[in-house]
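Notes to accompany the following structure.
The values are calculated or read from the model by the stated rules, or taken from the named source; none is laboratory data. Here the structure is a predicted model, which is why all the values come from computation and not from measurement. Note that we place each Cβ from the backbone using ideal geometry, even for glycine, and neighbour counts take in every protein chain shown. Note: areas computed on protein heavy atoms with side chains; ligands, DNA, RNA excluded. Shrake-Rupley method; radii C 1.70, N 1.55, O 1.52, S 1.80 Å.
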Amino acid sequence: MRTAMAISVTVLLTATGATYSAQSVAAGGGETCRGVTATIVGTDQRDVITGTPGRDVVAARKGFDRIDGRGGNDLICGGRGADHLLGGPGRDRLYGEADGLLFGEDQYGDDLVGGPGHDLLDGGPGLGGRDRGLDVLRYPNARSRLRIDLGANTARLGEQRDTVYSIEEVNGTRFADVIRGDRYFQFLSGYGGADRMYGRGGPDFMFGDDGDDEVRGGIGRDILDGGTGTDVAYGGPAADRCSAFEQQHGCES
């Protein structure tokens, strides 16, 4: 999980549309998110933006921002930077957009938090418009297991159906999750529960964490860690490294 280390502007819009801010922040002002006129606009600094119980269109602009859409079917664009995006209840569309640099050196991606409702969650590209970023998807308030397939762009929790794009890191739930990567590199973490994890292509980093997990690396050169519990590892055709497993198959070390 990534959190902002400083706050320059706080924007709170109530249901009546009143604005309270530490500095002057535009509400609208010609900015758009995915071609839709924004109702809340951030700055180029580190902002904390809280939406209304209704539908919001948020254009956060640059900076490492923290955005909570609250209720309604929100449309949120994080802009460039490592942003924390939470849609809240409703059918939300969250776009992390381009990643950011911390201290001008290290690349940091966006942190997308899935909430109740059928959402679209898109981490966006990396720096300089590169296809791959370092974006995280997680469901900390999940009430059922996560079944996610990054190759098929789908995530399911009970009756909830989300569409996901450009995600490089998945954090599972406390339940028995099924986590499938895609043909690129990923960081996949099962968290709690007896999880089943499939890396597929790319050099993946896969962590079973708590529970009796089954971890399968796929065709890339993967690093697998079972964590606690009675875990089973299945390496692929490449030289996979496996640790903390009670059973190992096809691992080089």
**Message:** Looking only at strands (runs of 3 or more DSSP E) that lie completely in segment 205-253, which have at least 1 residues being without any contact (Cβ under 8 Å) to a residue 24 or more places away in the chain and either more than 20 Å from Thr173 (Cβ to Cβ) or among the hydroxyl-bearing types (Ser, Thr, Tyr) (or both)?
**Reply:** 223-225, 232-234, 241-243, 247-249
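Within segment 219-247, which residues are among the charged types (D, E, K, R) and open to solvent by 30 Å² or more (accessible area, probe 1.4 Å)? Explain how you work it out, then say what you get.
So the first thing to find is which residues in segment 219-247 are among the charged types (D, E, K, R), and the list is 221-222, 225, 231, 240-241, 246.
Arg221, Asp225, Arg241, Glu246, listed by residue number.
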**Residue count, segment 193-202 (criterion: open to solvent by less than 50 Å² (accessible area, probe 1.4 Å), in a loop (DSSP other than H, G, I, E, B) and modelled with pLDDT of 95 or more)** = 3
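Restricting attention to segment 203-218, and to residues there that are farther than 25 Å from Ala142 by Cα and buried (at least 20 other Cβ atoms within 10 Å of the Cβ), which single residue is modelled with the lowest pLDDT? Even if it seems obvious, please write down each step before you answer.
Taking segment 203-218 first, the residues farther than 25 Å from Ala142 by Cα are 203, 217-218.
Subset that is buried (at least 20 other Cβ atoms within 10 Å of the Cβ): 217-218.
Numbers: Gly217: 95, Gly218: 92.
Ranking the qualifying residues of segment 203-218, first place goes to Gly218.
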**Request:** Tell me which residues, restricted to segment 57-79, are part of a loop (DSSP other than H, G, I, E, B), surrounded by 24 or more Cβ atoms within 10 Å (Cβ to Cβ) and either small (Gly, Ala, Ser) or at positive phi (or both).
**Result:** Ala60, Gly69, Gly78, Gly79
